[in-house]
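Below you'll find the structure, written out as C-alpha cells, and then a few comments.
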Amino acid sequence: MRAQFGVESAPWTYEVTTTSVRMYARGIGSEDPIHYDVDFAKSQGFRSVVAPLGYLGTPVYLPGQNDPTFGFPRRGGGPRLDIPFKRLLDGGTETEYLDVICAGDVLVETSHLADLKLRDGAMGKMLFITNESVYTNKETGKVVAKQRLTSIHY
Amino acid sequence: MADQVYFEDVSEGQEILPIKITPDKQQLVKFAAGSGDFNPLHFDEKFAQGMGLPETIVHGRFKYALVGRVLSEWAGSKGRVRRFGVNYRGMDQPNKQITARGVVTAKKQENGQNIVELDVWAEDAEGKKTTPGTATVVLPSRG
Amino acid sequence: MGQVYFEDLGEGDEIPQLKKNCSTQQLVLWAAGSGDFYQIHYDKDFAQATGLKGLIVHGALKNAFLGQLLHDWIGEKGQIRRFGCSYRGMDEPNQDILCRGVVKRKYSEGGKHFVELDVWTEKPDGKKTSPGTAVVTLPSKN
C-alpha cells in the first residue's frame, strides 16, 4: 500500500453556493449572519456569504460516480487500496486556509494518500488512513485550502 | 456579535469564549444535509445497533465544525484562521451537551504576521475531551 | 422507454408502474433536498409522541414520486401540465410504495393533445394512500 503514497487522484469540482453555505451553517447550529446574509457579508469586506470553517464546498454529485452515503467522488487516478476491514469511523480532520472561501467559489480538488498506520487497538487491528486534499479556486488558479481527513478502518 | 479581538489583547493561557450545544436528532439530520454525510449511524437507531453501538452518535465533523465556530467567532471578521485540526477520540450521543473550547498556548510574530497558537477541543457533559486538537490564528494589530 | 405518443393510448390504459421503497436514509435525503426537517420522518420517539405508530414518509415525497412516474412515462417530447394528490393514508419506510396511473380522458384542443389521468400511490395490500390526478400533453404521430 505504501507505494500508493503521493499518487494524485483525478480532479473533482466542489461548489460553494449561497444555499449550500446556509444549509451547512444551519447544520452546525450557527446563526452568524456572515454565513446567511449576502449584504451583511459584503459590508464586512467579503465577496459573499462566508463558508463556515471546515466547509469546503459540496462535491458535484453524479449518480454512479459518487458514494451515495458520503457523497465523495469515486474517481479515476489516485491510490488503489485493498482494505481488509469492513467497519469505518472518522479519525480526524485538519484544514489549512490560504484564503477565505465564499459562496460563488468553484473549487477544483485533488487528493492523495498522505499517511497510513496499522495499530493494535481496543477493537482489534485498526488501519488509519489519511488523505490530503488540495482545493484550488477554478477562476483564479490559486490554492485556497488543504484538508487532511483520517479514517479508521477496523 | 463580539467586538474584534486584536493581537495585543491576547495572552498565553487565556481561554476563548466557548460554545455549548445539545444537539437533538433534528440538528444531526440538518448536519447530514449540510455536510452531505448521510451515514445512518447518525439518525437510525437500528443501524447504529447493527454496528455494535448502543445508540446513534454525533458526526465527528459536527464537533470539528463546532470548534471552528468558536475560532471564527473569536477571530472576528478581521482575523483569519490559518489552520485547525482535531482527532476524534471519543464518541458523543445526541441530546447530550457538547462544549467546544480553546486556550491560547503561544503568540508570536513571524514574517510580519501576528500568530496565535491554541489548543482547541470539544468535551462532553462530564468534561471528557472527546475531540482534542490545535489551531493557528492570525490576528490584526490595533495600530 | 421509447417515446409515447397520443395515438398509442386508450381510455382505461394503465401507464408503466413505478415501485419505490424508502430507506430511513432516503427520508433524510428528502429532508435535505426539500428543507422539511419535521422529525416525524426520522425520529421514532418524536413520531410516537405525536400519536403515530412509527416513522412516516413525507406526503410531499410521495407527490414527488408521482411526478417521477409521469416524467418517466411522457418522454422527452411530453409535458406535464399539472399534477397533484391528497395525502389520505400514511406510508412507512422500508415498505413498497407502488406509484400507478390510469388514462381517464384524451382530447385535442388548440393543436395540443391532452391526456388526463388518475394517479396514486398504494401500499402492498392495494390500499390507495395518495389519490390524485394529472394532465399531460403528448406528441402526435402525425
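Values quoted throughout were computed directly from the atomic coordinates according to the rules given, and no laboratory measurement underlies them. Remember, predicted model here, so these are calculated numbers, not experimental data. All Cβ positions, glycine included, derive from the backbone under ideal geometry; neighbour counts span all protein chains shown.
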Identify the residue in segment B:10-57 that is among the charged types (D, E, K, R) and touching a residue at least 12 places away in the same chain (Cβ under 8 Å) and, among all such residues, is farthest from C:Gly35 (Cα to Cα).
-> B:Glu12
In segment C:33-142, which strands (runs of 3 or more DSSP E) lie fully inside it and hold 2 or more residues that are small (Gly, Ala, Ser)?
-> C:96-109, C:132-137
Within segment A:101-124, count every residue that is surrounded by 13 or more Cβ atoms within 10 Å (Cβ to Cβ) and over 18 Å from A:Arg148 (Cα atoms).
-> 5
Is it the case that segment B:46-54 has a residue that's crowded, with 20+ Cβ neighbours inside 10 Å, of a type outside the set (Phe, Trp, Tyr) and more than 8 Å from every other protein chain (Cβ to nearest Cβ)?
-> no
If you go through segment B:72-95 one residue at a time, do you hit one that is in a helix (DSSP H, G or I), of a type in the set (Ser, Thr, Tyr) and free of Cβ contacts under 8 Å to residues at least 40 places away in the same chain?
-> yes
So which residues in segment A:112-137 are of a type outside the set (Gly, Ala, Ser) and in contact (Cβ under 8 Å) with a residue 60 or more places away in the chain, if there are any at all?
-> A:His112, A:Leu113, A:Leu116, A:Tyr135
Do we have B:Ala65 as crowded, with 23+ Cβ neighbours inside 10 Å and not in a strand (DSSP E or B) here?
-> yes
Across segment B:14-40, which residue is nearest to the chain's Cα centre (by Cα) among those that are more than 7 Å from chain A (Cβ to nearest Cβ) and among the acidic types (Asp, Glu)?
-> B:Glu15
